[in-house]
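The values are calculated or read from the model by the stated rules, or taken from the named source; none is laboratory data. Bear in mind that the values here come from a model prediction, so they are computed numbers and not experimental data. Cβ atoms come from the backbone with ideal geometry, glycine included; neighbour counts cover every protein chain shown.
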Amino acid sequence: MNDDSKVKVTFVFPDESEQECEADIGDTLLHVIRNNDIPIPCSCGGALSCSTCHVILDKSTFDLLESKGDIATDDEEDLLDFASGRRDTSRLGCQVKISPDMQKVKVIIPK
């Protein structure tokens, strides 16, 4: 597979340990979480009906997504209202698609 079809994603856990993973362009963060056994329940399987795949993006990635028009929908915002530890850069992993410009993104797993 061409190296241009993957990016590096680093998950930062509540204990501040990190796990670097490869992510395929076009996948969602939920797929990356599942494919790498990241300990997040993701209960609805990406159906946008819960907030268990809540993650916190680093500010530069969050700003990049917003600049491209990839912002949380009203439905996502409503679910994020129930997410524990929500921050300004919170998103649901099932709604964030991996793009080539997301190389070395840091994704914080909330407590």
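Residue selection: Glu76 fails the criterion of being more than 15 Å from Thr89 (Cα to Cα), modelled with pLDDT of 95 or more and among the acidic types (Asp, Glu). Within the option set Asp78, Asp37, Asp101, Asp58, being under 22 Å from Phe13 (Cα atoms), loosely packed, with under 14 Cβ neighbours inside 10 Å and either acidic (Asp, Glu) or in contact (Cβ under 8 Å) with a residue 60 or more places away in the chain (or both) holds for one residue only, Asp37.
In region 9-20, the residues that are within 16 Å of Lys104 (Cα to Cα) form Cβ pairs under 6 Å with partners that are assigned to a strand (DSSP E or B) and polar (S, T, N, Q), at six or more places apart or across chains, as follows: Phe11/Gln19; Glu18/Thr10; Glu20/Thr10.
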